[in-house]
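What follows is a single structure, written as structure tokens, with notes after it.
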Amino acid sequence: MSSPSFKSLIDLLSDRAQKQPDNQVFTFLKDGEIESDRLTYQALDCQARAIAASLQSVTSVGQRVLLVYPFNASLEFIAALFGCFYAGAIAIPTRPPQNAEEWVDFGFRIQECQVGIALTSAALIDKLQDSWLGWLAESLDRPQLSWIATDRISLDTGSNWQKREIDRDAIAYFQYTSGSTGIPKAVTISHGNVLQNCVNFQQIFPTLDFRGVNWLPLTHDMGLVAGIMLTIYAGACTALMSPIAVFQNPSRWLKAISTHKATISGGPNFIYDLCVQRVKPEQITNLDLSSWEIAGNAAEPIRPETLEKFTALFAPYGFRREAFYLSYGMAEATLGISGGAVKEPSAIQFVDEKALEQNRVVTVAEGQPGARTLISCGRSWPGNRVIIVNPKTLTPCFSDGVGEIWVQGAGLSRSYWHRPEESEQTFQAYLSDSNDGPFLRTGDLGFIHDDQLFITGRLKDMMIFWGRNFYPQTLEQTSENSHPALSANASAAFSVDVEGEERLVIAQEIARHALRKLNSEQIAEIIGAIRQTMVMQHLVEVYAIALLKPATLPKTQSGKVQRRRCRDRFLAGTLTVIEQWFCPISERLDPTDLTSLPGIEEA
């Protein structure tokens, strides 16, 4: 659908409500299967006006408002979000806290953003109020918070709404970073940032008949922008599901795509693995995935073997390998930085791992010893400029060099909320040899080959053992493949300081199917397998191994491994361990001993 230029997200929804008032925009699938509620463009506009009028009576333009909705209240969340836009308030999407750690994070956000009002649903408001008051009683320093159940607001209130002049540069909402490499930060996202990402997407897919299915949390940038904003911009309709329903039974996601003839749906790499591992043939007897044109895969490292396994399993149901749309983005970019070509398989490169450890790209043949498989995240989105920079010298890397990914573009945020030093470091980067800039420093490492971007790791996650660079993703995959009792996509590799030396720690979940017959002998076998495989494949010694219970590895809502949090919990002794092992001093290796180990020269 061709779209005019909008000044704000208010103008966008108002335009849709005027031109297609009775068209359905969102439906919610209870338990991931049964349609329980729906919204038309006009209904969404009316609810947003009523919520905005209520907010205008107690807030002013630019005030921060917290949105705290459960997964099964997606439609209420969307109405509240646009209610904040219509009121000129800044929305802060967040999930309801579930434990003491999440309440601490919740309180931190309230204090950092100086929030006085929280919006939620009638079904949850009493529980949240009581929990907040109980938490508040523990400290006199914590701020007061007023709670409003938006689904109790009368639609008649909307007649009191006063439209505010909001331009493209006004902040629409805060998108908190995932916290995978540090403390979550509030990224300021403007109306213009969102609209530019929508324009970029429409330029890439100009002929797409947009019909969506979205299960991702709406507090996550991928769920919010790709699932909600792109739907409205396209004047389309998307079916929404709870991520819990999908995690419990991933076939629900695929069946929703089939039932609603969705053309676009996606998620992080792990959701495709989950489908391969847990979807049973008897659950999908009438499945039809032939309508699926864009199977988005982003938000965490993309594994080529995942794509091949998913395609092989679901091709008989109409899924096409070229439907995979691999992309790269981050909260600081609102949504997208780069993406693959439409209806074309993503490029794959085989590179020498030892050269990669020295930040060089040396292509090798598939299957060659020491080859690492990398898959392209496509080319820069329209209007974006991506370069690879040496993070120490701040100069562009040579064509065969690995460096930090820097980006320019109108769809990028400009700052973190009230963090001037970090904002300048991240959003105001300049090349030292030409003063070209400003750029967004992504903190991610990669290289460009044939104009396509390849991600190799996170700068903050990089580890150095015996003078060589190691990416945690590589070591994690090695750990997961070292023994059949270990879970895929469920490990964290990080380093700790031991007597002034950087040492490797592996936290690894045991697969649920292996728990029943796990004994001390098998635990010793698993630990030995991890140790041996690390030495044989990477010439690196493991200092400690934490074998974890299933589904206990710290992750973000989108499935990213939180290596920093995992490290902190390891040091604090709070990981949910089945067994924790430390390398005895008598068994420690010296780097000069490695060449004498069996099989090392051949490896």
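Observations
- Residue selected from the range 7-32 under the condition out of contact with any helix residue (DSSP H, G or I) (no Cβ under 6 Å at 6 or more places or on another chain) and among the acidic types (D, E), by the criterion nearest to P250 (Cα to Cα): D22
- Qualifying residue in the range 30-45 (condition: of a type in the set (D, E, K, R), touching a strand residue (DSSP E or B) at 6+ places or on another chain (Cβ under 9 Å) and either in a loop (DSSP other than H, G, I, E, B) or within 21 Å of W161 (Cα to Cα) (or both)): no
- Selection of first residues in the range 141-166 that are in contact (Cβ under 8 Å) with a residue 40 or more places away in the chain and closer than 18 Å to A73 by Cβ and of second residues that are in a helix (DSSP H, G or I) and charged (D, E, K, R), restricted to Cβ pairs under 8 Å at least 6 apart or on distinct chains, gives the following pairs, ordered by first then second residue: T150/E76; D151/E76.
- Breaking point among (1) more than 24 Å from the chain's Cα centre (by Cα); (2) at pLDDT 95 or above; (3) hydrophobic (A, V, I, L, M, F, W, C); (4) over 28 Å from A488 (Cβ atoms), for I387: (1)
- Among the residues examined, F314 qualifies as in contact (Cβ under 8 Å) with a residue 40 or more places away in the chain, buried (at least 20 other Cβ atoms within 10 Å of the Cβ) and more than 22 Å from the chain's Cα centre (by Cα).
- Considering the range 27-49, and only residues there that are touching a Ser or Thr at 6+ places or on another chain (Cβ under 6 Å) and in contact (Cβ under 8 Å) with a residue 40 or more places away in the chain, the residue that is nearest to A245 (Cα to Cα) turns out to be K30.
- Selected residue (criterion: nearest to the chain's Cα centre (by Cα)) from residues of the range 418-461 that are aliphatic (A, V, I, L, M) and closer than 21 Å to A331 by Cβ: I455
- Members of the range 517-541 that are part of a helix (DSSP H, G or I) and either out of contact with any strand residue (DSSP E or B) (no Cβ under 9 Å at 6 or more places or on another chain) or among the small types (G, A, S) (or both): S520, E521, Q522, A524, E525, G528, A529, Q532, T533, M536, Q537
- Pairs with Cβ under 7 Å, 6+ apart, first in the range 172-183 and under 23 Å from A52 (Cβ atoms), second among the hydroxyl-bearing types (S, T, Y) and modelled with pLDDT of 75 or more: A172/S190; F174/T188
- Among the residues listed as L216, L240, L224, the single one being under 30 Å from P554 (Cα atoms), crowded, with 24+ Cβ neighbours inside 10 Å, out of contact with any helix residue (DSSP H, G or I) (no Cβ under 7 Å at 6 or more places or on another chain) and touching a residue at least 40 places away in the same chain (Cβ under 8 Å): L224
- Residue in the range 383-405 that is closer than 30 Å to F108 by Cα, touching a strand residue (DSSP E or B) at 6+ places or on another chain (Cβ under 6 Å) and among the polar types (S, T, N, Q) present: no
- Among the residues making up the range 275-324, a single one is over 13 Å from L254 (Cβ atoms), of a type in the set (S, T, Y) and at pLDDT 95 or above: T311.
- Among the residues of the range 245-290, those identified as aliphatic (A, V, I, L, M) and free of Cβ contacts under 8 Å to residues at least 60 places away in the same chain are I257, A262, I264, L274, V276, V279, I284, L287, L289.
- Annotation: D433 fulfils all but one of (1) under 30 Å from L195 (Cα atoms); (2) of a type outside the set (S, T, Y); (3) surrounded by fewer than 13 Cβ atoms within 10 Å (Cβ to Cβ); the unmet one is (1).
- Test: residue in the range 364-386 that is in a helix (DSSP H, G or I) and not aliphatic (A, V, I, L, M): no
- Scoring L81 on the criteria (1) touching a strand residue (DSSP E or B) at 6+ places or on another chain (Cβ under 7 Å); (2) farther than 25 Å from K185 by Cβ; (3) of a type in the set (A, V, I, L, M); (4) in contact (Cβ under 8 Å) with a residue 40 or more places away in the chain leaves a single failure, condition (2).
- Among the strands (runs of 3 or more DSSP E) confined to the range 65-168, the ones with at least 1 residues that are closer than 21 Å to A43 by Cα, modelled with pLDDT of 90 or more and among the β-branched types (V, I, T) are located at 117-120, 146-149.
- Set A514, A488, A492: member being at pLDDT below 90 and under 21 Å from T552 (Cα atoms): A488
- Residue that is surrounded by the most Cβ atoms within 10 Å (Cβ to Cβ), among those in the range 359-406 that are in contact with a Pro (Cβ under 8 Å, 6 or more places away or on another chain) and among the β-branched types (V, I, T): I375
- Check on T334, at pLDDT 90 or above, under 24 Å from Q562 (Cβ atoms) and either under 24 Å from the mean Cα position of the chain (by Cα) or crowded, with 17+ Cβ neighbours inside 10 Å (or both): yes
- Selection over the range 55-86 of residues that are hydroxyl-bearing (S, T, Y) and surrounded by 23 or more Cβ atoms within 10 Å (Cβ to Cβ) gives a count of 3.
- Subset of the range 317-329 (residues that are free of Cβ contacts under 8 Å to residues at least 40 places away in the same chain and outside any helix (DSSP H, G or I)): G318, F319, R320, F324
- Residue within the range 28-49 that is of a type in the set (V, I, T) and either in contact with a Lys or Arg (Cβ under 7 Å, 6 or more places away or on another chain) or surrounded by fewer than 23 Cβ atoms within 10 Å (Cβ to Cβ) (or both) present: yes
- Restricting the range 504-535 to residues that are more than 25 Å from the chain's Cα centre (by Cα) and under 17 Å from Q473 (Cα atoms), the residue that is surrounded by the fewest Cβ atoms within 10 Å (Cβ to Cβ) is T533.
The values are calculated or read from the model by the stated rules, or taken from the named source; none is laboratory data. Only a predicted model underlies this, so the values are computations on that prediction, with no experimental measurement involved. FYI the Cβ positions are ideal-geometry reconstructions off the backbone, even for glycines, and counts take in every protein chain you see.
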